[in-house]
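Beneath this line is the structure, given in structure tokens, with notes to follow.
Where a number appears in this text, it was derived from the coordinates with a stated rule and is not lab data. Computed from a prediction, not measured in an experiment: that's the story for all the values here. Backbone-built Cβ (ideal geometry, glycine too); neighbour counts: all protein chains shown.
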Amino acid sequence: MAAEKYVYDFDEPSDGGRELLGGKGIGLAEMTQLGIPVPAGFTITTDACRAYMASPGGLPDGLEEEVEEHLRALEERTGKRFGDPNDPLLVSVRSGAAISMPGMMDTILNVGLNDVSVDGLARATGNEWFARDCYRRLIEMYGETVDDVHNRRFDADRESPADAIERLRATYREGTGSDFPQDPREQLHHAIVAVFESWQSPRAQAYRRMYEIPDDLGTAVNIVQMVFGNKGDNSGTGVAFTRDPSTGEQGLYGEFLTNAQGEDVVAGIRTPEPIAQMREQLPAPFEQLLETMRRLEEHYRDMQDIEFTVEDNALYLLQTRSAKRTAAASVKAAVDMVEEGLITHEEAVARIDPQQLDQLLHPMLDPTAEWEVAAKGLNASPGAAAGKIVLDADTAERRGKAGEKVILVRWETTPDDIHGLIHAAGILTAHGGMTSHAAVVARGMGKPCVAGCDTLSIDIDARKITLRDQTLSEGDVLTIDGGTGAVIVGEVPLVPPQVNDDLETILGWGDEHRRLGVRANADTPEDAAKAREFGAQGIGLCRTEHMFMAEDRLPVVREMILAEDEHGRRAALDKLLPMQQGDFEAIFEVMAGLPVTIRLLDPPLHEFLPSLEQAKDERMRRRIKQLQESNPMLGTRGCRLGLQWPEIYEMQVRAIVRAARGVEERTGDAPLVEIMHPLVAFEEELRRLRELTVQVADEEAPDVEYLCGTMIELPRACIRADEIAKHADFFSFGTNDLTQTALGFSRDDAEGKFLTFYLEDGVLERNPFETLDQSGVGDLMRIGVERGRARKPQLKLGICGEHGGEPKSVAFCHELGLDYVSCSPFRVPLARLAAAQAALAEAGSPAYATAGG
């Protein structure tokens, strides 16, 4: 049996693609094939990483021999020898997962230098500063990555590397108990292991959890001949994007540093120059870079993020990958690329991440408010955020999890800050540029970020910051605008943005393909108007209890609850009737011509009363005690309430049909009314409530057309859906409560207690209240769909839980054959796009496969 092959040269054919070679490895291989200048090197596959993780303690059998074989080939190709004391071959050891995880894993540069060969490199290049700068960097990066000697201990002077090396050696010795390794092959071995190990680092795991990247993919390792951007003024390094990753606009975008190595830019160690400066300093490599960027975008038919180095005026590309970008940039670039003939409409729809659309609906600064800009930085990631200042990632995570809005303020962020970035409302850094770690990660997360604010100073010991001449303490409030780079002391009001023309174009293309309808959950005319603006095709859930909570209604509701008999309750309900009718008329007018599903009163009555401690009146206290339940979520609520006190539902049905008739008379455009009874478990419950509904509607407005249905939110309702369907025109799956009742989870208790542990410990892959549990709750839904439609083929089916706006859940609803999903108004665009992508995937669209859908 042939030994497994773990290593491929960049110019060596491989059938494994990105999954085998990783994103960086496949990019280097493809650029080599295209004739683009790439340093020579080879890739250790993700198979090797998985084999290492399966039996930790050593590299897989045969890997070191393969590495040695390819290292010899690299020596022949470059004319240099690894470990040569006079003119050594140096290599970088870089991670490269199949799915890009910027900054989350490790890189080590200049591997192969030691105390002897550093002098040989100085003689060979005639540049002692350069040679010692390379060695300084190796000791720092190796110490931190391989031996976990924290980078703050390497507080060396970057301007005098010769002086720094002795201090770095001493620091390394203090941190590890041994001298810095002098054997280049030992360095290489430990560097490879360290990159494999970085796949399991806390920051990498946190990033994978956030973006739902499987833990078993592993990372490839790329061994690349070093090219040096730190050789002098004719050398440099940079990052370039083929389009602006914040806006998607075509044009020159990127950053550049002369006399530097790549990590200086991407890690934010030095604040770089705009890439346009490169035209003046290195004109020939600049023009070559522009042409290469054009070729790469045409080849990949997507916006590219490129890392490059210039050594003595010679350009080398170190990486190309699909660029992390904001939602606005994704949409703009996709529309433009269709117009440019690079991609099709279907590809444009398929390549937008629906979850990212939330970014387009992030708040912006209220243009009518007044504020004063305290400082300016780089507009690194758009959107505005206000929150309390926090100065470290742990505090950001703790306070963010507690529900506080926080702004993480740092000198610069590092990959180790990922847990804080996830929970911060926004990010502000004193250092780093538009391609620094903070900027790239913030754009990927859709977080507002202002970077490189050079008038910001931070006193971490005193827990204070200074913006120009203003000193603020941790806990004070800041507002940042990632679109302009403005930093404002205090809280500025925020307003929601509008859907732009490019997004409308993408959604319009998507609507041509989707089968699944998209409605919104809306309880007010304002919510309904916003839903319609975002393209909702109706209201899938209008909750009437929120209307009862209004300040002018609550006393009347309490009067009804406190009434001693039906006569007293009806007297109070007569007062509520015109209020409810007005509520419904306002919503019907906004949604005229579209379906509106109104859920009759659902929560238990005690929710409308004060707590026992707050109640002063003895009659009130007595009633509160009568209504108290041990488990109200499964108590007297929903249809149980309607059957015990039918006069409540009678009033609501009367208000609904009166409102529908009134709107039709005034506007000539009738709403399509759907009356929904909640929490039905038994056929007889819905039979009686349908009878009540028909009787009141026929009596009040016999000419008004309506549907009568139920919310399916209990397991028994799914299982006996054929019986319940006899009396229903529609089912709407209430997946919030169906998840609670199917799993036996109280959402409030689970999310505050054990659910976090379940997710972090791998008991569950996803939060079932965010992403539908398809194998459990989903199977119950499938039973409900099949049995309901077997009894009544024309039965209309929808979903109105929060899952209606989550892409994986939307795709599942498409697969089940539901008629529509319903979600919050601001998630309607997301649901429209997810439904279109589900249709493309089902149809086997090559565009969807191309986009990696």
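Which one, Q837, P382, F308, projects farthest toward the positive side of the charge dipole computed for the chain from Cβ point charges (K/R +1, D/E -1)?
Q837
Report the local net charge at T176: Lys and Arg +1, Asp and Glu -1, summed over other residues whose C-beta lies under 10 Å from its C-beta.
Computed value for this residue: -3.
Give a quick list of GluC sites (Glu not before Pro) in region 267-367 that DSSP marks as loop, anything other than H, G, I, E or B, with at most 14 other Cβ atoms within 10 Å.
Values: sites: E280, E287, E291, E297, E298, E307, E311, E339, E340, E346, E347; in loops: E340.
Sites meeting the loop and neighbour criteria: E340.
Using only Cα atoms and rounding to the nearest 10 degrees, what angle (0 to 90) does helix 128-147 make with the longest principal axis of the chain?
40 degrees
Only sites in a loop by DSSP and with at most 15 other Cβ atoms within 10 Å count here; which GluC sites (Glu not before Pro) in region 685-762 make the cut? All intermediate terms of the calculation are to be shown ahead of the outcome.
Working: sites: E685, E691, E699, E700, E705, E713, E723, E751, E760; in loops: E705, E713.
Taking region 685-762 and a limit of 15 other Cβ atoms within 10 Å, the loop GluC sites (Glu not before Pro) found are E705.
Which listed residue (G508, I465, L478) has the Cα farthest towards the positive end of the charge dipole for region 454-512, taking +1 on Lys and Arg C-beta and -1 on Asp and Glu C-beta about the Cα centre?
I465
In whole percent, what relative contact order does region 14-146 give with Cα contacts below 8 Å and a gap of six or more residues?
Relative contact order of region 14-146: 21 percent.
At a threshold of 8 angstrom on Cα-Cα distance, excluding pairs fewer than six apart, so keeping six or more, what relative contact order does the chain reach in percent? Could the numbers behind the result be given before it?
Details: 1807 pairs, mean separation 77.8, N = 853.
Relative contact order comes out at 9 percent.
Shape verdict for region 544-800, please, from the Cα gyration tensor: rounded (a/c under 1.5), prolate (a/b greater than b/c) or oblate.
Here region 544-800 falls in the oblate category.
Compute the angle between helix 202-211 and the longest alpha-carbon principal axis of the chain, please, reported from 0 to 90 degrees and rounded to the nearest 10.
Tilt of helix 202-211: around 40 degrees.
Taking the Cα centroid of region 485-528 and of region 674-750, what is the distance between the two, rounded to the nearest whole Å?
30 Å
Give the residue list of GluC sites (Glu not before Pro) in region 1-58 that are DSSP loop and have at most 16 other beta-carbon atoms within 10 angstrom.
Values: sites: E4, E19, E30; in loops: E4.
Passing sites in region 1-58 are E4.
Per DSSP H run of n ≥ 4, the term is -39500 (n - 2.57); total these for the chain, divide by its residue number, and report the mean residue ellipticity at 222 nm rounded to 500 deg cm²/dmol.
For the chain, the value works out to -13500 deg cm²/dmol.
What is region 434-571's relative contact order, in percent, from Cα pairs under 8 angstrom and six or more apart in sequence?
Dividing the mean separation by the residue count of region 434-571 yields 11 percent.
For region 362-495, rounded, prolate or oblate, judged on the Cα gyration tensor with a ≥ b ≥ c (square roots of eigenvalues), a/c < 1.5 rounded, else prolate if a/b > b/c? Please report the intermediate quantities before stating the final value.
On the way: a/c = 1.20, a/b = 1.12, b/c = 1.08.
Because its axes are fairly even, with a/c under 1.5, region 362-495 counts as rounded.
Specify whether the C-alpha gyration tensor of region 425-552 places it in the rounded, prolate or oblate class, a ≥ b ≥ c being the square roots of the eigenvalues: rounded for a/c under 1.5, otherwise prolate if a/b is larger than b/c and oblate if not.
Since a/c reaches 1.5 but b/c is at least a/b, the shape of region 425-552 is classed as oblate.
In the structure shown, do any of K324/K376; K530/K808; K401/K625; K530/K753; K388/K530 have a Cα-Cα gap over 27 Å, and if so which?
Over 27 Å Cα-Cα: K401/K625; K530/K753; K388/K530.
May I ask for the angle, rounded to the nearest 10°, between helix 618-627 and the longest principal axis of the chain, with both axes built from Cα atoms and the value confined to 0 to 90°?
Value to nearest ten degrees: 70.
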